[in-house]
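Encoded as structure tokens, the structure appears first; notes follow it.
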Amino acid sequence: MKKPRVLLADDHTFVLEGFKKLLEDHCDLIGSVEDGRALVESAADLQPDVVILDISMPKLNGIEAAKKLSSFPGRN
């Protein structure tokens, strides 16, 4: 079975590293970012299957970033 392609977004390096350790054997970790704007840009380029994000990030909070991600073509 193909592993899901996962993009991580959190402004705390410690949290990102923890998620990486937890998920690395189960997912294809395609990237990590530290703010909402970078998340939207990276998601557009990388086309992840799953995004794990913090709702409290600089430049664009996670809720607003998720709204932008949901409007990408091919997403419901």
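Laid out as a table, the results:
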item	result
The chain: Lys pairs at Cα distance under 16 angstrom, eight or more positions apart or on different chains	4
GNM result for the chain, Cα springs below 10 Å: residue of G62, G18, G36 fluctuating most strongly	G18
In the chain, the trypsin sites (Lys or Arg not before Pro) that fall in loop regions by DSSP, at most 15 other Cβ within 10 Å	K2, K59, R75
Dipole in debye (nearest 20) - the stretch 1-74, about Cα centre, beta carbon charges: Lys, Arg +1; Asp, Glu -1	240
Per-pair calculated FRET efficiency, R0 = 35 Å: D28 and L60 via Cβ, rounded to 0.05	0.90
Highest-MSF residue in the chain out of L53, L29, L39 [GNM, Cα springs under 10 Å]	L29
Residue among L8, G31, F72 farthest towards the positive dipole end of the chain, charges placed on Cβ	F72
GluC sites (Glu not before Pro) within the stretch 1-68, DSSP loop, no more than 16 other Cβ atoms inside 10 Å	E24
Virtual spin-label span in nm between K68 and K3, 7 Å along Cα→Cβ	2.8
Relative contact order [Cα under 8 Å, 6+ residues apart], the chain, whole percent	35
Anisotropy class of the chain from Cα gyration tensor, a/c 1.5 cut	oblate
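Bear in mind these aren't lab numbers, they're just calculated from the coordinates by the rules spelled out. Only a predicted model underlies this, so the values are computations on that prediction, with no experimental measurement involved. With ideal geometry, Cβ positions are generated from the backbone for all residues, glycine too; neighbour counts draw on all protein chains shown.
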